[in-house]
1. For the subset of region 71-104 comprising residues that are touching a strand residue (DSSP E or B) at 6+ places or on another chain (Cβ under 6 Å) and in a strand (DSSP E or B), which member is most open to solvent (accessible area, probe 1.4 Å)?
2. Return the residues of region 45-70 that are open to solvent by 20 Å² or more (accessible area, probe 1.4 Å) and not in a loop (DSSP other than H, G, I, E, B); say none if nothing qualifies.
3. For residues in region 15-44 being part of a helix (DSSP H, G or I) and within 25 Å of ALA123 (Cα to Cα), which is least open to solvent (accessible area, probe 1.4 Å)?
4. Does ALA126 qualify as being open to solvent by less than 60 Å² (accessible area, probe 1.4 Å), in contact (Cβ under 8 Å) with a residue 40 or more places away in the chain and farther than 27 Å from VAL30 by Cβ?
5. Which one is surrounded by the fewest Cβ atoms within 10 Å (Cβ to Cβ), of the residues in region 184-213 that are among the hydroxyl-bearing types (Ser, Thr, Tyr) and in contact (Cβ under 8 Å) with a residue 24 or more places away in the chain?
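The values are calculated or read from the model by the stated rules, or taken from the named source; none is laboratory data. Every value quoted in this text rests on a predicted model; they were computed, and no experiment measured them. We place every Cβ from the backbone using ideal geometry, glycine too, and count neighbours over all the protein chains shown. Note: areas computed on protein heavy atoms with side chains; ligands, DNA, RNA excluded. Shrake-Rupley method; radii C 1.70, N 1.55, O 1.52, S 1.80 Å.
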Amino acid sequence: MEPSTRAHFERLATGWSAKYAPGGSMLPRVRQFLDALRDACSASADVLDFGCGPGQIAMACAQSGYRVHGVDMSPRMIEAAQKGDIEGLVSFSVLSEAEPLQLPFAGASFDAIVASSVFEYVANPAHCFVELHRVSRPGGWMLLTVPNVSHRVRKLERFIKPAARLSGPFLRGAARNWQEYLSLSRQRHSPAEWSRQLANSGWAVRSTQGQNSALLMIVAQSC
């Protein structure tokens, strides 16, 4: 990920966990990933949370019996994750090199990879898919969420993005955060294009879920 993306999430790290608190906008995502992971592999599996943020998804998976590693490019996000993991269930680490991605794991280390809204921010998703395929075991799974470009919210974001870019220097607080998000969320593709990139990187898409929501979950398998 680019330095501007890292800086954005470094700035937001302190308050990001609140999004997973009761009533928070991202709390349902924990259950979504956990349910999909349970459908994919047993609770004794080795799991990588790629772009783990403050670690709520990783910790929920670990509490369900999975052996979990969480990585993120933001040191402050990892610091928040380590503080929140009171029981020390997850091994968290900072990615020193996010572009090009070089994961600090041997090949075939993981049975499953989860990635909650990560690939919209990366400069080269296809390269990430190749590196994640390297650390996935044969037949391993990857569960990822991406913006649903067919949803009305995404269509509205596309329409107002140029105006938001111009107004950026004058915005503060939540409005500034939202404008930065629109600017940094560059990889917005159709399900067919995501499937093509995954297939070219050694992954076969098994299902696409959430066609009526603003986020799609793509379930892919290493082949």
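1. Checking each candidate, the answer is SER91.
2. ASP46, GLN56, MET59, GLN63, ARG67, HIS69
3. PHE33
4. In short, yes.
5. For region 184-213, the residue satisfying everything is SER190.
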